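Enquirer: I'd like to ask some things about the structure below.
Only the coordinates and a few stated rules stand behind these numbers; no lab work does. Bear in mind that the values here come from a model prediction, so they are computed numbers and not experimental data. Glycine also receives a Cβ, built like all others from the backbone with ideal geometry; neighbour counts cover every protein chain displayed.
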Amino acid sequence: MKNNLHFRQSHIVSIKLILFLVISISSLIADKDLQFSNYIRSNSSYLIKPIYAIAEAPSKILNTISIYIDTKENLINKNKDLEKKVFLQSGIIQKIPAIKSENSRLKKLLNSSDSMLTSKILIAELIKVNLSPFSNKVVIDKGEKSNLYSGQTVIDSEGLLGQISEVNKDFSIVTLISDPGHALLAVNARTGKRIMISGTGDNRNLKAKYISLNEDVIEGDILITSGLDNIFPEGYLIGTISKINKKINDNFLKVNVTPSSSLTSNREVMVLW
């Protein structure tokens with residue numbers, strides 16, 4: 001009885017094998033002529049593609065984030081470099097009004113500009129310390145370690161700021177041109193006439209002194225450093241004449257000058273050598 005059962009099972013297995021072989025051979029022949037497998041593969045790819053996309057998504061997200069971070073850091077660094085370059089150039093181009101207004105001094109001013117390009121300029125940051133409510137002084141974060149010395153000129157992107165009056169190891173004090181005890185010799189960029197400028201204690205206002213009643217000055221005249229006072233180099237913007245009061249009984253005109261520099265509201269300044 002057992003032998004008969006074993007014979008039947010072997011017989012069934014043989015039949016199945018032959019059947020599968022026939023199906024396989026038929027499929028191969030049909031695929032060769034009709035290319036069924038290509039058709040199935042091409043249609044099944046629509047189902048497989050989303051699976052691939054899902055599997056690849058984490059890697060793409062990480063790559064995108066990495067590229068974004070790198071790009072952002074590069075842009076930030078480039079932006080900082082460009083800001084520094086613009087800041088430095090703004091100090092150099094302050095000589096343009098003088099060059100435009102006086103053709104007779106063009107060569108001299110251009111030579112002065114060329115020499116400035118090769119001179120040393122140090123960018124310093126203002127330390128937010130109020131030395132005194134009545135003081136026209138600011139503190140910068142550079143000192144003896146940066147080879148700074150008393151008397152150096154300090155400017156910002158708009159014009160003349162002042163000069164270093166005290167140097168310490170890690171910081172320096174700058175006396176602003178608005179300080180009541182400060183004076184300098186300026187030049188009217190339009191006429192070439194020299195004008196004495198003094199501080200008033202008000203960071204928004206300077207005073208032009210000893211201007212005769214018949215002097216050729218008008219509101220809007222640009223004043224620049226003359227370089228003749230042995231304090232400041234030539235050609236830097238000081239300010240603009242904002243108001244002129246003329247009284248017959250006075251010996252001189254009363255002239256107010258608005259500083260070009262923003263004085264105490266700066267974040268960065270430039271120290272010149």
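Enquirer: If R₀ is 25 angstrom, what is the calculated FRET efficiency for the pair Ile121 and Leu75, using the beta carbon separation as r and rounding to 0.05?
Expert: It comes to 0.50.
Enquirer: Going by C-beta contacts inside 10 Å, put Leu237, Leu184 in order with the fewest on the left.
Expert: Leu184, Leu237
Enquirer: Continuing with this model, one more query. In the structure shown, do any of Lys78/Lys145; Lys137/Lys169; Lys137/Lys209; Lys120/Lys142 have a Cα-Cα gap over 25 Å, and if so which?
Expert: From Lys78/Lys145; Lys137/Lys169; Lys137/Lys209; Lys120/Lys142, over 25 Å: Lys78/Lys145.
Enquirer: Net charge near Val255, counting Lys/Arg +1 and Asp/Glu -1 over other residues with Cβ under 10 Å of its Cβ?
Expert: Residues near Val255 contribute +2 overall.
Enquirer: Here's something else I'd like to know. Provide Met270, Met196 in ascending order of the number of other Cβ atoms located within 10 Å of each residue's Cβ, fewest first.
Expert: Sorted ascending by nearby Cβ count, the order is Met196, Met270.
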